[in-house]
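Participant: I have a structure I would like to understand better, so I am pasting it below and will then ask my questions one at a time.
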Amino acid sequence: MIGLNGRQVNENLLSVRVDRRKAHALLDPAVEAGLAFDLEGLVVDPDNLTESNLLFRLWSIFANLGASLEPPLAYDKDLTKEHLTPLRNILRRLARRVITSSGEGYLQQQEYLNALYVRGIAAAEKLIEPGPGLAAGPRKLPDQICFRPLEAWEPELIRAMAALGGRSVLVFTVPCVEMMEAFERVNRPFLAVGNRDLEVSLCQERFLHARLEDPLEFLRRAPAGAALTEYGMVLLGAPEFLRPVELSEAIHLAAAGMRPKAVLAVKVEKAGQEGAQETGFGPEESEPGFQRPYYPDFVARLMIEAGLEIVVEGPPMALGRVPAPKEPEAPAADEQVAGAGASEASEPAGKAEAAAGYQEIFEPEPGTERASSGAEAEPEASPEPEEEF
Amino acid sequence: MRVHQLLARFEAGDAVSNMAMDIHDALTARGVESRIFAHSLDSFGLTRGMHESAYGSFAKTGEDLLIYHYSVWCDNLALFESSKNRRIVIYHNITPAKFFEPYDPQIAEICRLGREALPRFTGANLGLGVSEYNRRELVRAGFSETNTGVLPIHPPVERFDSVEPDGQLERKLSDGRANILFVGRIVPNKKIEDLVRLFLYYHRCVNARSRLILAGGPLYPYILRLQRMVDDLGLTGRVLFMGKVSEPQLVALYRAADVYVSMSEHEGFCVPLTEAFHFGVPVMAYTAAAVPETMGRAGILFDEKDYPILGEMMDRVLREPAVREETVAAQRERLANFSRERFEERLFRHLGVFLT
């Protein structure tokens, strides 16, 4: 029984909401297993630091030393430059203590501090820009900085995307809740994975199947992309938060894991504009939440590198900066088909204009039908029941 | 006529120490000579109290009153037993050993000793519980019904009004995410794992834009497992272990909190509930031990840990201003029950016969 100010709450209303979340796969088996987590039976090696424990210890050390690294929300990976100095100082102090204890022969202390120091560096690399003495390593995706929801896509584009590709959809980086609602309206099962909690929470609010998770980690975790085979379409809805190297990895992982005839759609900026993705964006790129405009030519090149075929629909467009490709071979019947999502599109084109490699990508023109899709893309009205998940 | 108080620890920010100070201040204001003695004292305690050994010279007069605050097993229980003065015990409760057994057998043993020693107080002139729940435990230990009473704590929440919050912390927490707060020691009876489970449901199924903040000093073997649990459940960075926080930090946490949740299964009073009341934070609490008494008919109480249902209830509190306002209004009303005036009124009602 739940009482609010002494009055009993109608739990049926709450149960209905729980059931809806179950029906929309938000309350999935992983969450149910987590709710039954056995803490008492958990065996923990105190010398094997967990990430949370390491951060907690570092936080305690900072606090004890008066280094103001408050709050420990620095775990959220949004440390700024003002935090950099105390963090480096503490790592330097730790290093000194490791050396001192080593010199004095305190083996146990040395091992402990050594572990703490090594893990501290690893944590620091995740939290801040690599500095002097810290080796550069892979960083987590910047996130959690933009407090505004991403702008809704054009209704035409949403309609076009909702009709593109096979029935079930993996939305990799969540573009806007309207897109997810469109998938829901046309009865296409989907899973949206993103690391911007704002878009994910908006989906959850509407009982749409979204998960807050690092999307690249989600793809990496799937052995040989096996988890992707169940999807008829993979949509990279908000690639602007990925660094070029991360976008490339995402496209490669998707290409490796998608089933034949599945469609990969990537949101790009309007074609015909200059992009500089190949060389990065300068120092501002390191700012969390930095958004990178990706243009069709760059994305097309990544797709070709990943072994995908670009099927062009709509009027041709000069690619400009992308080097000419080899003469494409005729696609095999079971060949994977990829398309770059346009920034604007109307109803899905009924017929592909040409399967001409990636030499030309449609250029948006008002009133023309443009949507990239595979020549063999399944129509909206013919869902594939076997793809249910 | 002098009144002496004897404690295990006399420390800043400790609920038992605060109560001893309140009694001391109330007695002093009425012209009664009052002293505080403790087994251990921190720098704050040393400014207001004395080591227990100093009580020895007063123990044999037989003319004074000794108030013993019992919250943990401590050797100075012998001082209480041997004192010739009239004696009152204020029972703050001791956590049952079963909560600590899986994590720290030594602490479990101390708890067991503490609870087993309760019948040794039955020779006191009066037994007071800081809640009715505690009073009943005294009766079960052998006190007669008529020889017991209830003296609820006066939570010193007014002190927060003069504390400048930690601005940096408050700004960081005011980023639009739902802040779910728990304040208290990270020990097994508080059932932090249940709080993490509730948060798991809420975060994964209801609102990804949320975080769980745990403020309080930890029992290490317990927090190690909790931190592993948090990592295994993919909640790293979303469950914040703040450790013991300063007053400015505590104020910042309460000001930024959207809801306060307690899953605790054993509380003798639970002061943080009243602190949340003071800051206008809606409270959701599991009905256990003295918690329902402290809550009264205010806030949200539940007697079953059905995480999905509770997660949805929490969402209602967070999203529906009317629910929130109604809850907070009732909590404010409830807080008045623990004002200093009410505390002193009850205190002197119990002490009256001893002070004349």
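The values are calculated or read from the model by the stated rules, or taken from the named source; none is laboratory data. Treat the numbers as computed from the prediction; the structure is a model and nothing was measured. Counting neighbours? That spans all protein chains shown, and the Cβs are built from the backbone with ideal geometry, glycine included. The area values use the complete protein model at the heavy-atom level, side chains included, leaving out ligands, DNA and RNA. Shrake-Rupley method; radii C 1.70, N 1.55, O 1.52, S 1.80 Å.
Participant: Take the residues in segment B:210-232 that are more than 7 Å from chain A (Cβ to nearest Cβ) and of a type in the set (D, E, K, R), then tell me which one is surrounded by the most Cβ atoms within 10 Å (Cβ to Cβ).
Facilitator: Per the stated criteria, the residue is B:Arg211.
Participant: Under the condition of being assigned to a loop (DSSP other than H, G, I, E, B) and more than 14 Å from chain B (Cβ to nearest Cβ), which residue from segment A:180-210 is surrounded by the fewest Cβ atoms within 10 Å (Cβ to Cβ)?
Facilitator: A:Asn187
Participant: Something else: Here are some conditions: (1) open to solvent by 10 Å² or more (accessible area, probe 1.4 Å); (2) outside the structural domain of B:Gly268 (by TED's automatic domain parsing). B:Leu128 meets all but one. Which one does it not meet?
Facilitator: Of the numbered conditions (1) open to solvent by 10 Å² or more (accessible area, probe 1.4 Å); (2) outside the structural domain of B:Gly268 (by TED's automatic domain parsing), the odd one out for B:Leu128 is (1).
Participant: Checking the conditions here, which among A:Leu264, A:Leu228, A:Leu216 is within 13 Å of the chain's Cα centre (by Cα), within 23 Å of A:Cys176 (Cα to Cα), of a type outside the set (S, T, N, Q) and modelled with pLDDT of 55 or more?
Facilitator: Going through A:Leu264, A:Leu228, A:Leu216 in turn, just one is within 13 Å of the chain's Cα centre (by Cα), within 23 Å of A:Cys176 (Cα to Cα), of a type outside the set (S, T, N, Q) and modelled with pLDDT of 55 or more: A:Leu216.
Participant: Only one of (1) under 24 Å from A:Glu205 (Cα atoms); (2) touching a residue at least 40 places away in the same chain (Cβ under 8 Å) fails for B:Gly296. Which number is that?
Facilitator: Result: B:Gly296 fails condition (1) only.
Participant: Please work out which residue is farthest from B:Ala252 (Cα to Cα), limiting yourself to segment B:144-160 and to residues that are over 18 Å from the mean Cα position of the chain (by Cα) and at pLDDT 95 or above.
Facilitator: Taking the candidates together, the pick is B:Thr148.
Participant: Answer yes if at least one residue in segment A:227-236 is free of Cβ contacts under 8 Å to residues at least 60 places away in the same chain and either of a type in the set (S, T, N, Q) or open to solvent by 10 Å² or more (accessible area, probe 1.4 Å) (or both), and no otherwise.
Facilitator: yes
Participant: Residue by residue through segment B:289-342, note down the ones that are under 23 Å from B:Asp22 (Cβ atoms) and within 11 Å of chain A (Cβ to nearest Cβ).
Facilitator: Correct list: B:Met295, B:Gly296, B:Ala298, B:Gln331, B:Glu333, B:Arg334.
Participant: Further question on the same structure: Considering only segment A:31-59, how many residues are open to solvent by 40 Å² or more (accessible area, probe 1.4 Å) and at pLDDT below 90?
Facilitator: The total comes to 8.
Participant: Let me ask something else about it. When both residues are 6+ apart or on different chains and their Cβ atoms are under 6 Å apart, which pairs have a first residue that lies in segment B:233-250 and is at the interface with chain A (Cβ under 7 Å from one of its Cβ atoms) and in a loop (DSSP other than H, G, I, E, B), and a second that is open to solvent by 20 Å² or more (accessible area, probe 1.4 Å) and hydroxyl-bearing (Ser, Thr, Tyr)?
Facilitator: As it stands, the answer is B:Gly237/A:Tyr75, since those pairs meet every condition given.
Participant: Further, regarding this structure: A:Val200 - would you say it is assigned by TED's automatic domain parsing to the domain that holds A:Leu242 and within 15 Å of A:Val234 (Cβ to Cβ)?
Facilitator: So A:Val200 fails the test.
Participant: Could you check, for segment B:252-272, whether at least one of its residues is buried (at least 21 other Cβ atoms within 10 Å of the Cβ), of a type in the set (Gly, Ala, Ser), in contact with a Cys (Cβ under 7 Å, 6 or more places away or on another chain) and within 10 Å of chain A (Cβ to nearest Cβ)?
Facilitator: no
Participant: So how many residues does segment B:161-209 have that are more than 10 Å from chain A (Cβ to nearest Cβ) and assigned to a loop (DSSP other than H, G, I, E, B)?
Facilitator: Looking only at that region, the number is 7.
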